[in-house]
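A short write-up of the structure that comes next.
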Amino acid sequence: EYDITGYVRERSGSVLPGIAPSNAYPCANGEMILIGGNGDNVYARLTEAMGRPDLKTDPKFLDHASRGVNQTELDTIISEWTSTFVLGDLLILLEGKGVPASRVFRAPDMLEDPKFAASEAVVSVEHPVFGPIRMQNAFPKLSATPGRVRWPGPALGQHTDEVLSARAGCSVARLA
């Protein structure tokens, strides 16, 4: 988008302005689901999953451009629908209809998720004050050079004297 038009898309939370529906929506159990149903075919499958074929032919939502213009209204309709489902049931329904969707992972979810564990997305490293802490592993994980996290990083100012003396040539007196 930027390369072709020079347009810089700014941060907008979970919504992609003018791209609808593509947002995070609430579920009945307080969790959130991310649905990417903005393509015409995917949107049609979403309306089927919702039991709302009328949304497929409504002029306000008929095509990609009109859904983008009426994004807020469409997001409200979808939010009302998703909030009637617990996350797991909604994921099964949308997967069955071929609608891209995922739970919105929070930190506790990531630490407990078997897929995160299997992909080693989270690793445990030793912190000098807090002991073992879990944090994101190197990403992407490449087969020949997978990378690894060896430590959680320095304490604030830990290397200041070393950098200023060795790299910037500051004397001991100047550092003091």
Within region 32-62, how many residues turn out to be out of contact with any strand residue (DSSP E or B) (no Cβ under 6 Å at 6 or more places or on another chain), open to solvent by less than 70 Å² (accessible area, probe 1.4 Å) and either of a type in the set (A, V, I, L, M, F, W, C) or not in a helix (DSSP H, G or I) (or both)? 11
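Yes/no matrix, rows are residues, columns are (1) over 17 Å from the mean Cα position of the chain (by Cα); (2) at pLDDT 95 or above; (3) open to solvent by 50 Å² or more (accessible area, probe 1.4 Å):
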| position | (1), (2), (3) |
| --- | --- |
| SER66 | yes, no, no |
| SER79 | yes, yes, no |
| THR82 | yes, yes, no |
| GLU95 | yes, yes, yes |
| PRO100 | no, yes, yes |
| VAL104 | no, no, yes |
| HIS127 | yes, no, no |
| GLY131 | yes, no, no |
Any idea which of PHE105, PHE139 is more than 18 Å from MET32 (Cα to Cα) and hydrophobic (A, V, I, L, M, F, W, C)? PHE139
Can you find a residue that is open to solvent by 100 Å² or more (accessible area, probe 1.4 Å), of a type outside the set (A, V, I, L, M) and at pLDDT 85 or above anywhere in region 167-176? yes
Condition first: over 27 Å from VAL129 (Cα atoms) and either touching a residue at least 12 places away in the same chain (Cβ under 8 Å) or outside any helix (DSSP H, G or I) (or both). Now tell me which residues in region 164-176 satisfy that. ALA168, GLY169, CYS170, SER171
Restricting to region 77-116, what's the tally of residues that are hydrophobic (A, V, I, L, M, F, W, C) and outside any helix (DSSP H, G or I)? 6
Does region 106-122 include one or more residues that are hydroxyl-bearing (Ser, Thr, Tyr) and either modelled with pLDDT of 95 or more or out of contact with any strand residue (DSSP E or B) (no Cβ under 6 Å at 6 or more places or on another chain) (or both)? yes
Taking ASP161, is it in a helix (DSSP H, G or I), of a type outside the set (Lys, Arg), out of contact with any Gly (no Cβ under 7 Å at 6 or more places or on another chain) and open to solvent by 70 Å² or more (accessible area, probe 1.4 Å)? yes
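The values are calculated or read from the model by the stated rules, or taken from the named source; none is laboratory data. From a predicted model like this one, the values you see are computed outputs, not experimental measurements. Ideal geometry is used to build each Cβ from the backbone, glycine not excepted, and the neighbour counts take in all protein chains shown. Accessible surface areas use protein heavy atoms only, side chains included; no ligands, DNA or RNA. Shrake-Rupley method; radii C 1.70, N 1.55, O 1.52, S 1.80 Å.
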